[in-house]
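Note sheet for the following structure.
The values are calculated or read from the model by the stated rules, or taken from the named source; none is laboratory data. Since the model is a prediction, treat every value here as computed from it, not as a measurement. Quick reminder, even Gly has a Cβ in these numbers, built from the backbone with ideal geometry, and neighbours come from all protein chains shown. Remember, those area values only see protein heavy atoms, side chains included, never the ligands or the DNA or RNA. Shrake-Rupley method; radii C 1.70, N 1.55, O 1.52, S 1.80 Å.
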Amino acid sequence: MSGFFKSSIGRKVAMALSAFFLMIFLLQHFIINSLSVCSPDSFNEVSHFMGTNWLIQYLLQPVLIFGVVFHFVMGFVLELKNKGARDVKYVQNKGAANSSWMSRNMIWSGLAILAFIVLHFIDFWFPEINTKYIVGDTSGLLHNGEGFRYYEELHHKFESPLRVGAYVLAFVFLALHLMHGFTSAFQSIGATVGRKKIMKKLGMAYSVLIPLGFIIIALYHHFNH
Amino acid sequence: MKLTLKIWRQKDAGTKGKMVDYQVKDISEHMSFLEMMDVLNEQLVGKGEDPVAFDHDCREGICGMCSMYINGEAHGPDRGITTCQLHMRMFNDGDTITIEPFRAKAFPVIKDLVVDRTAFDRIQQAGAFISVNTSGNTQDANAIPISKHAADEAMDAATCIGCGACVASCKNSSAMLFVGAKVSQYALLPQGQVEAADRVRNMVAQMDLEGFGNCTNTGACEVECPKGISLENIARMNRELMKAAVNN
């Protein structure tokens, strides 16, 4: 099996498996965030559970961080290796004649998402880690002790139009990345044999609806101040 | 038609190449692209210059020899054809046409537009066959029932002529459409299934050894393939290798 993951196809499969994990994470993140629009109380409850459950914090969170790092590092390694497979470039090359912009620029949309993750960590993850594990406050309550802090923190973050703009732009890049990435991951594990059309439709639905949903949530909080 | 040709000229594998401009006139729109190249070469020979070296053989779209990257696309701007089937009616009088060899580290230039595609031969030798006893007691292939669907899919995969347009068009110089087609044509048939695991393992290992890039599923190969080989063959190859790894 170790030999398999050293082969070109094995590396593709590893990329696809990390992509599946990240797409499942993205879906659950979206479902929880959408609660902030429909039911702030439920959003607070679920956020507190996610932030204090030991299985999620000490097992799934490190696995998620590993998944993100692996996906990016492997993406860069493969990009560099692939660039090396053509030592003399074409004088004229019409890439747009036979493939989509998204498929040819996964590294650039990926880099835009990486930049967003850094911003997102500064906005939410680092303060959360600081509060819980450095300050030692795992109560999840507001300073005045009147209810949970999660909804208030999220709502407050989207007050800034600059931050909302950056988030919207990042979600556009996420959509572009997913438009190719979703079906590509299924193709890599051989699941598209005989299901090419339906996989493309599913991929388009996922890659448009999820980022669009995140954009709507950000705009909702921005315009409800 | 009067045309300006920008052609990659390279004396041999060890010499640095460059693009050289040529003018050709009296080109008929009914000529094939290779016939236009013949006109150019007659002109060059007449002037005592070295003719442009390019691969060609059957000139009817079957052998896969004619390569050439024309105006930024493998086999030129038309679809489902090799260069010998590309007609000059696809161009206009006064056009400038850029002609380059197929580019990939695994396809080194031999001379001008001729590249070494023996990497494909070595991949085929690694497993694109079935081991049969040819002592005279070979079973009649028609004695084994095969579904119409499987037979059609195997036949579609088998139409790959190994021209290398997939590698040339892929931004990663990946050979997975070619290898996927060869793996599929056997994996779909009962005669090929006996050695399926060894075949896919050996062919993929040889493909990696030759220095081709990794497939990122852009689909450029499928679009530029003169025989319309489907991307599903790559998915099937991936599945076959996963199956071989699990069952090992």
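Tabulated data for the structure shown
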{"item": "At R0 = 35 Å, FRET efficiency that the Cβ-Cβ distance of B:Asn142 and B:Asp198 yields, to 0.05", "result": "0.85"}
{"item": "Dimensions in Å of region B:103-171 - Rg and Dmax from alpha carbons", "result": "17.3, 49"}
{"item": "Euclidean distance of C-alpha centroids, region B:138-182 and region A:21-43, integer Å", "result": "45"}
{"item": "Overall Cα dimensions of chain B - principal axes, largest extent first, Å", "result": "61, 38, 35"}
{"item": "DSSP-defined antiparallel bridges as percent of all bridges, region B:1-112, nearest 5", "result": "75"}
{"item": "Accessible area, probe 1.4 Å, largest first, for residues A:Ser42, B:Ser135", "result": "B:Ser135, A:Ser42"}
{"item": "A:Ser42 paired with B:Lys105, simple spin-label distance in nm, labels 7 Å along Cα-to-beta-carbon", "result": "5.3"}
{"item": "Accessible surface buried once B binds A (1.4 Å probe; total of both sides; Å²)", "result": "3700"}
{"item": "More than 40 Å apart - percent of Cα-Cα pairs taken over the protein assembly as shown", "result": "36"}
{"item": "Simple spin-label estimate for B:Ala158 and A:Gln92 in nanometres, 7 Å along Cα-Cβ", "result": "3.9"}
{"item": "Computed accessible area, A:Tyr58, all protein chains, 1.4 angstrom probe, square angstrom", "result": "150"}
{"item": "Where A:Lys200, A:Lys6 fall by accessible area, highest first, once all protein chains stay in place (1.4 Å)", "result": "A:Lys6, A:Lys200"}
{"item": "Rg to Rh, two decimals, where region B:3-111 supplies the alpha carbon set and Rh follows Kirkwood", "result": "0.93"}
{"item": "B:Trp8, A:Trp108, reordered so the largest accessible area comes first (probe 1.4 Å)", "result": "A:Trp108, B:Trp8"}
{"item": "Entries of A:Lys200/B:Lys105; A:Lys6/A:Lys132; A:Lys6/B:Lys111; B:Lys148/B:Lys182 with Cα pairs more than 28 Å apart", "result": "A:Lys200/B:Lys105; A:Lys6/A:Lys132; A:Lys6/B:Lys111"}
{"item": "Value of relative contact order over region B:117-247, rounded to a whole percent, pairs C-alpha under 8 Å and six or more apart", "result": "34"}
{"item": "Relative contact order of region A:111-225, defined on C-alpha pairs under 8 angstrom at six or more residues apart (%)", "result": "30"}
{"item": "Area accessible to solvent at B:Arg59, 1.4 Å probe radius, in Å²", "result": "80"}
{"item": "Hypothetical label at A:Leu27: residues of region A:202-225 whose amide nitrogen lies under 15 Å (7 Å Cα-Cβ projection)", "result": "A:202-211"}
{"item": "Cα centroid separation - region A:190-225 against region B:196-242, whole Å", "result": "29"}
